[in-house]
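So the structure is just underneath, and the comments pick up after that.
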Amino acid sequence: MNIFKHEFKMKRKSILIWSISLAAFMIFYMAFFPGLVSDAEGFNELMQSLPDEFLQAFGMQQGLSFTTLIGYFALTFSMIELAIAIQSANYGFSILSEEERELTADFLMSKPISRKEIYFAKFFASFLSLLITTLIVSISSFIALELFNNGESYNKINVIILLSTIPIFQLFFLGIGMFISVIVSKIRSVTSYSLGISIGFYVINSISGILSSDILGYMTPFYYFEPGYILKNGQYNLSLLVIALIVITISFIASYNLYIKRDIHSL
């Protein structure tokens, strides 16, 4: 029984829907940039009337403007990040709990395969699915930037650095989802959990921008990989990257140990 192939096959439709939707959103939203630039003066006056904290809540760093290509791309990418977070959390909450929800635990556990093999097969199938989404989002980002740059140049290396954060970002939500799924007795609605945790972290990041609070920022992965910061500086914030990697490592170690020992309910 090849669990990896089975899990990956079950996610093909989900991968297709998420990838096409995110690619379409990226290209569609970036298509508005040339029109925005044509009325840049009026738009900049509006932006200047808003507090810096309000703009930071939307991922805008000082020195960036919505009427610049990179500024507008940072705004677009921040919304893409939210969708990526929801997809990753959705996979995290579902992969270790699906047998209990669908009452098929007896069938799986009766097979000559260890829980360790089940855990890693499900993890790698989910992560491969997420990496396909990463690839599609990355390709669509460059397509959108090339099609709708309105003659404005941009630093491709900085964009690549930003896109390279997606797998780490996905692992964060995948790991958190897997951890919570093994400590909750039974997850009845994966969507509720994935939406709740993703939007919750996004709101915390927005509030941290409004309040200029680094303490709140440390509580959310959206703060660790702010598009505006990376596109402007061409680098990660290394201390925040380390925090993200620590959280990811703890999440996977904890979820693995709990899953190995957990009483899995069946019929």
Got a sec? How would Glu226, Glu98 order by Cβ neighbour count within 10 Å, fewest to most? Glu98, Glu226
Can you give the FRET efficiency for Leu128 and Asn233, using 1/(1 + (r/R0)^6), R0 = 35 Å, r = Cβ-Cβ distance, to the nearest 0.05? 0.70
HN-Hα couplings for segment 23-37 via Karplus (6.51, -1.76, 1.60; θ = phi - 60°), in whole Hz with x for Gly/Pro, come out as 5, 5, 5, 4, 5, 4, 5, 5, 5, 7, 4, x, x, 5, 5
Which residues does the label zone of Ser21 cover in segment 179-221, counting backbone N under 16 Å from a point 7 Å along Cα→Cβ? 190-199
Taking the simple approach of a point 7 Å from Cα along Cα-to-Cβ for both Met219 and Arg262, what is their distance in nm? 2.6 nm
What does the highest-first list of 147-160, 69-82, 173-186 look like by mean Cβ count within 10 Å? 69-82, 173-186, 147-160
Given R₀ = 30 Å, what would the calculated FRET efficiency be for Ser153 paired with Ile250, taking r from the Cβ atoms and rounding to 0.05? 0.15
Give me the count of lysine pairs in segment 91-234 whose alpha carbons sit under 23 angstrom apart, restricted to pairs 8 or more positions apart or on different chains. 5
Going by C-beta contacts inside 10 Å, put Thr249, Thr67 in order with the fewest on the left. Thr249, Thr67
In sequence order, calculated HN-Hα J values of segment 88-93 (Karplus, 6.51, -1.76, 1.60; Hz; x Gly/Pro): 5, 5, 4, 5, x, 6
Stretched fully, the stretch from Phe32 through Ile139 gains (0.36 nm per residue minus C-alpha distance, one decimal, in nm) 36.6 nm
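Here, each number is a calculation from the coordinates, and none is a lab measurement. Small disclaimer: the values here were computed from a predicted structure and weren't measured. Backbone-built Cβ (ideal geometry, glycine too); neighbour counts: all protein chains shown.
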